[in-house]
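Accompanying notes for the structure given below.
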């Protein structure tokens, strides 16, 4: 069974965590919720979520994709060396790396956006451009194995693209 990793930290945008979690499960994928520690995390809107495993940059081989939700969690992801190494290793191995809203902050800190077409929430446009990427502002953007989206309204289109790419592998 193909496996997907979804990253989790405190103040994640609740819907950007829940929607892909259940959408991947609906497609029959095994989903691991990875975080800097195993335990409980609070969403931005007050929901409680649990991580199933600690993120380990050496354990990327079992995953087909990593999904990075937004909210304020990406600011925390970018402070965690193991999380950034995990993202970088997934990217380097050609796995799907998907980020929504403020999620591209983690891609920036992982050092994988230079020269790429990236979208994200409009308030991080300067961060994306300053990292050497081209900010497109489109609802969803695909550049190689990186898929980015602006906000929850873009999630249906984003998830269709991710699922299609996973099926084609």
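Here's the yes/no breakdown for (1) buried (at least 20 other Cβ atoms within 10 Å of the Cβ); (2) under 17 Å from the mean Cα position of the chain (by Cα); (3) not in a helix (DSSP H, G or I):
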| residue | (1), (2), (3) |
| --- | --- |
| 111 | no, yes, yes |
| 120 | yes, yes, yes |
| 123 | no, no, no |
| 126 | no, no, no |
| 129 | no, no, no |
| 132 | no, no, yes |
| 141 | yes, yes, yes |
| 147 | yes, yes, yes |
Restricted to segment 47-63 and to residues being at pLDDT 95 or above and buried (at least 18 other Cβ atoms within 10 Å of the Cβ), the residue nearest to residue 18 (Cα to Cα) is 49
Can you pull out the residues in segment 67-89 that are crowded, with 24+ Cβ neighbours inside 10 Å and in a helix (DSSP H, G or I)?
-> 73, 74, 77, 83, 86, 87
Would you please list the contacts, defined by Cβ atoms under 6 Å and residues six or more apart or on different chains, that run from a residue in segment 11-24 that is over 17 Å from residue 162 (Cβ atoms) to a residue that is part of a helix (DSSP H, G or I)?
-> 11/73; 12/73
In segment 90-101, the residues that are free of Cβ contacts under 8 Å to residues at least 40 places away in the same chain and part of a loop (DSSP other than H, G, I, E, B) = 93
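The values are calculated or read from the model by the stated rules, or taken from the named source; none is laboratory data. Since the model is a prediction, treat every value here as computed from it, not as a measurement. Heads up, the Cβs are rebuilt from the backbone with ideal geometry, glycines too, and the neighbour counts pull from every protein chain shown.
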